[in-house]
Every structure is written in structure tokens, then in C-alpha cells.
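For reference, the structure is listed below as C-alpha cells.
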Amino acid sequence: MSQIHDEKLAPSGAHKIEWVRRNCPLLRSLEDDFKKEKPFTGKKIALSIHLEAKTAYLCKVLAAGGAEMYITGSNPLSTQDDVAAALVADGLNVFAWHGATEEEYNAHIAEVLSHQANIIIDDGGDLVHMLHTTKRDQLPYVIGGCEETTTGIIRLQAMNAANQLEFPMVMVNNADCKHLFDNRYGTGQSVWDGINRTTNLIVAGKIVVVAGYGWCGKGVSMRAKALGARVIVTEIDPIKAIEAVMDGFEVMPMKEAAKYGDFFVTVTGCNGVIDEEDFMEMKDGAILCNAGHFDVEIDMKRLREIAVAQEEMRNNIMGYQLPNGVWIYVLAEGRLVNLAAGDGHPAEIMDMSFAIQALSAKYLVEHENDLAEKLIDVPREVDMEVAMRKLNFLGKHIDTLTKEQEEYLNSSTL
């Protein structure tokens, strides 16, 4: 049933997944729990997340809980073929391969949604979008779903505001144990891992322009500073701009920042963040990359149109010569640089994010008949359970309130 590149790659993928398993104690503990409890028995889960080893282990944890898994990637360049093969060897259903065309990518999503899935686990909203358009016949089977990303939640909120969302979605990205760690520390480290391994260039002494100062932008800026770069932040939100200033960064519009940057990293979730006017202001040798979910933040279509020459400079680096003679370089086709040119977030970080995913999916099954709202926050008890488990695995302990302290804090007469 699966559609993958090469089943013979499975041993390599299994090796990668085992390394993740060894470094994800939270997911290991949930796997043990799920094997005993079988919370997903009789349920089908359709999952679209960047298909690499950490995602694969999440899939195996859900399968250990009794789920019948239907899996695809959430980006044509982030699927690792050996990991996909390893999942198929373990009996899971996978429809994905690296470098899929847009047509193939959409066909894989459609296949995942053709098996009466009960739970949707999405990363960016492609599964949810197709369910509400060309796969509406599958809607009656859906209990609810979980969304992993800021971009996906923005799409869900727009759908909900327009009364178009047909089933409940847990906003996984909004959980403290997700965005405070995954978005900030995970994105911060993995973006620079992708940039550094792809370019093999020094960051120290360079000027880095970071577009967007949400949690991902904060992480990217923090790590750039730690690598010795001067950082300029561009923003549309005055509050976030003030945060950036008080964190020690320059703040200016992109039209001005374009003149100075050696590296540009977009993390906004919006389109057209770097456009033709910006390209024409850049200095020779500027390097551009995107860490937002979709490949629309850098206007790649217009860049290709105006370029007088194109040349692949190195694997995952395409050079574009502008009409003014300047060469600028784009990493990973403007797609997610940390996954298309790297291995994504560190395992220990995704341990927390995917634990939230797994427990949120379990919550949906347990509350199948009493989900009134279409957009659901991760229950606080789930967030706290993940936090306490993680803290214990880190070998750290914290204080607890005494009965008298609880009474004091809950009293109206402090």
C-alpha cells in the first residue's frame, strides 16, 4: 500500500530512528504507557509532519498505542527516504519521498486522507485544507486533529472565523512545552545548523537580518548573536520590535536592512517578506534562507524572473545574478532551511513537542463525544505532565507549595 522511494534503505533509517529513541526519554515513557493502555485501538491516524527520524519515532509511539498509521511529509524536501523505508518495514503506511513534485506531494496527501482517518496530525495545515476541499467525503470519520505550527494555527483561526472549520483542532503549537522550547531553542539551533553545514562560511563578524521576532525569530536571533554576528530584526508588530531592541538588536524595515545583511533568515509565516525591491538593494554575496513553513516568504518566483543568470554553487545553494551584476544566493530553494538542508530540531526538543502531540491525540479520543469548541487549547494538565516528566528526566527537582501556601495564594484576603 505504501508509496516510497526504496524499501532497501530501511536499515539506515532504522539506525537513525534508534538514535532518536535513545535521546527521547519522554516519548519512550509514553511508548511504554501506550503499549499497556492501547488508547488508539481501532483508530486511524493521518499524519503530515516533516518525515525524518524524530517524526518516525512519534509514529511508532502512536502505533504502539494501537493506531493504524497513514503517514506523509509536510514538505517535498524534508522527507528522508531511508526513514520512510524503515517505517514501512515496521508495518506502517507511508506515502512520501524526497524531492516530490508538487503533483506527487499533493497525491501523497490525498492518499493519506483516503482511509477514513479519525485523528489528523498536521504540520502547516495541508491535511486540514484538503479535507475541507477535495476530500470532504472523509470528514464524517474525523474526531479531531492537532496542529503543530504557528502557520497552521493562523490558517485554522482564519477558517474558524469564517465558520469553515468542520472538526475540532488542538492548537499544539500554543502549548508552553511546545513553543517556548521547540520554536525558540529548536528553531534557533537547527536553522544555524542548516546554514552552517550548507554554506561552510563564518558567521562571526557578519550581519544577520532576521525577519520576524516571534518565538522562532527570537531563537534564530539569539543563536546568531552567540555565533558572533551583528543582528538586525525586521518586524510589523511594535511590541515585538521593542522586545528586539531591549534584547540588544537593531530594528529597521526590510527595505533598509536589505542593504546591510550578509545572511537573511525569514521566520514570519507571511508571503513576500523579501521582494524584488529588497533583492536589488542587497550586496554581492548575500545569502538568503527561510525558516517559515511555506516557501513564499522569499519571493522566489520573481527572483527567478529577474535573474539574468542562475548557477548551482553548491548542494542546496542556488546563485542568482541580478540585472545590476550582483549575485545573491538562496538556500534550499527558499524552503525550510533547517529541514531541507539539515536534520531539523534536536531530538531532545522534539521529545517535548511530540509528547504534546501524542497526549493531545489521546485527549481527542478520550473526549470524542464532548468536544464543543472547534479550536482547543492543549489542556493545562497535559502541558504540566510533559513538563514534569521532562524535568525528572533532566534530573532536576523543584519546590512544591505547602497546604498553607496554597491557602494563602487562594485567599481573597491576602
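Take the alpha carbon gyration tensor of region 1-130, find the square roots of its eigenvalues, order them as a ≥ b ≥ c, and report rounded if a/c is under 1.5; if not, report prolate when a/b exceeds b/c, else oblate.
Cα axes put region 1-130 in the oblate bin.
Quick one: putting +1 on the C-beta of Lys and Arg, -1 on the C-beta of Asp and Glu, what dipole do you get for region 228-387 around its Cα centre, in Debye to the nearest 20?
About 540 debye.
Calculated FRET efficiency, ALA158 and GLU406, Cβ-Cβ r, R0 56 Å, to nearest 0.05?
0.85
May I ask you to derive the FRET efficiency for ILE242 and HIS115 from their Cβ-Cβ distance with R0 = 41 Å, giving the value to the nearest 0.05?
Here the calculated transfer efficiency is 0.25.
In region 230-354, if the dipole is taken from +1 on Lys/Arg beta carbons and -1 on Asp/Glu beta carbons about the Cα centre, which of MET282, VAL251, GLY344 is farthest to the positive end?
Projecting each Cα onto the dipole axis, the largest value belongs to MET282.
Specify the residue with the greatest mean-square fluctuation among GLU103, GLU52, GLU111, computed from a Gaussian network of the chain linking alpha-carbon atoms under 10 Å apart.
Comparing GLU103, GLU52, GLU111 in a Gaussian network model of the chain, the most mobile one is GLU103.
If I take all pairs of Cα atoms in region 290-414, what percentage of them are more than 21 Å from each other?
Roughly 67 percent, once rounded to a whole number.
In whole Å, what is the distance between the alpha-carbon centres of region 16-44 and region 232-254?
The distance from the Cα centre of region 16-44 to that of region 232-254 comes to 41 Å.
Summarise the accessible area of region 117-233 (1.4 Å probe, protein heavy atoms) by the percent that is carbon and sulfur.
That share works out to 51 percent.
In Å and on Cα atoms, what radius of gyration and Dmax does region 90-225 show?
For region 90-225, the Cα radius of gyration and maximum Cα-Cα distance read 18.0, 56 Å.
Just reorder HIS50, HIS397, HIS129 by solvent-accessible area, largest first, 1.4 Å probe, all chains present.
Highest to lowest solvent-accessible surface, that is HIS397, HIS129, HIS50.
For helix 10-22, what angle does its Cα long axis make with the longest principal axis of the chain, in degrees from 0 to 90 and rounded to 10?
The answer is roughly 70 degrees.
Alpha carbon centre of region 338-396 versus region 62-122: separation in Å?
Cα centroid of region 338-396 versus Cα centroid of region 62-122: 20 Å apart.
Cβ neighbours within 10 Å, averaged per peptide: list 137-148, 257-268, 192-203, 362-373 in order, most packed at the top.
The densest-packed peptide leads the list: 257-268, 137-148, 192-203, 362-373.
For the chain, list log₁₀ I(q)/I(0) at each q in 0.11, 0.13 Å⁻¹, using the Debye formula over Cα point scatterers of equal strength and ignoring solvent, two decimals each.
Here log10 of I(q) over I(0) equals -0.84, -1.13.
Roughly how many debye, to the nearest 20, is the charge dipole of region 162-305 about its Cα centre, given +1 on each Lys and Arg Cβ, -1 on each Asp and Glu Cβ, and no other charges?
Roughly 500 debye for region 162-305.
Send over the Kirkwood Rh of region 155-203, from the inverse of the averaged 1/r over different Cα pairs, rounded to one decimal Å.
Hydrodynamic radius (Kirkwood, Cα pairs) of region 155-203 is 13.5 Å.
Counting only Cα, what are the radius of gyration and maximum Cα-Cα distance Dmax of region 295-365, in Å?
My reading of the Cα-based Rg and Dmax gives 18.4, 58 Å.
Please give the FRET efficiency for HIS397 paired with GLU104, using the beta carbon to beta carbon distance and R0 = 41 Å, rounded to the nearest 0.05.
E(calc), rounded to 0.05, equals 0.25.
List every residue whose amide H lies under 5 Å from the amide H of PHE264, counting only residues 5 or more places away in sequence or on a different chain, with H placed 1.01 Å from N in the peptide plane.
Amide H neighbours of PHE264, under 5 Å, 5+ apart: VAL209, ILE287, LEU288, CYS289.
What's the angle, to the nearest 10 degrees (0 to 90), between helix 150-161's Cα axis and the longest principal axis of the chain?
Helix 150-161 sits at roughly 70 degrees to that axis.
For region 52-105, what class follows from the C-alpha gyration tensor (a ≥ b ≥ c being the square roots of its eigenvalues): rounded when a/c is under 1.5, otherwise prolate if a/b is larger than b/c, else oblate?
prolate
Give me the distance in nm between label points sitting 7 Å out from Cα along the Cα-to-Cβ direction at LYS35 and LEU180, one decimal.
Between LYS35 and LEU180, the simple spin-label model gives 3.1 nm.
Wrap a convex hull around the Cα atoms of region 199-254, take a quarter of its surface area, and give that in square nanometres.
3.7
Go through ILE242, GLY188, GLY212 and say which Cα lies farthest out towards the positive end of the charge dipole of region 141-276; charges sit on Cβ, +1 for Lys and Arg, -1 for Asp and Glu.
Of the options given, the answer is GLY188.
With an 8 Å Cα cut-off and a minimum separation of 6 or more residues, compute the relative contact order for region 1-117 in percent.
Relative contact order here is 35 percent.
Which value at 222 nm does the chain reach when only helices count, each DSSP H run of 4 or more adding -39,500 (n - 2.57), with the total divided by all residues and rounded to the nearest 500 deg cm²/dmol?
Theoretical 222 nm ellipticity from helices: -12000 deg cm²/dmol.
Give, rounded to the nearest 20 debye, the magnitude of the charge dipole that the chain has about its Cα centre when Lys and Arg contribute +1 at Cβ and Asp and Glu contribute -1 at Cβ.
For the chain, the charge dipole is close to 740 debye.
Along the charge dipole of the chain, pointing to its positive end and built from +1/-1 on Cβ of Lys, Arg, Asp and Glu, which listed residue (GLY325, LEU58, LEU394) has its Cα farthest out?
Value: LEU394.
The values are calculated or read from the model by the stated rules, or taken from the named source; none is laboratory data. The shown structure was predicted, so the numbers you read here are calculated from the model rather than taken from an experiment. Cβ: placed from backbone, ideal geometry, glycine included. Neighbour counts: every protein chain shown. These area figures cover heavy atoms from the full protein model, side chains too; ligands, DNA and RNA do not enter into them. Shrake-Rupley method; radii C 1.70, N 1.55, O 1.52, S 1.80 Å.
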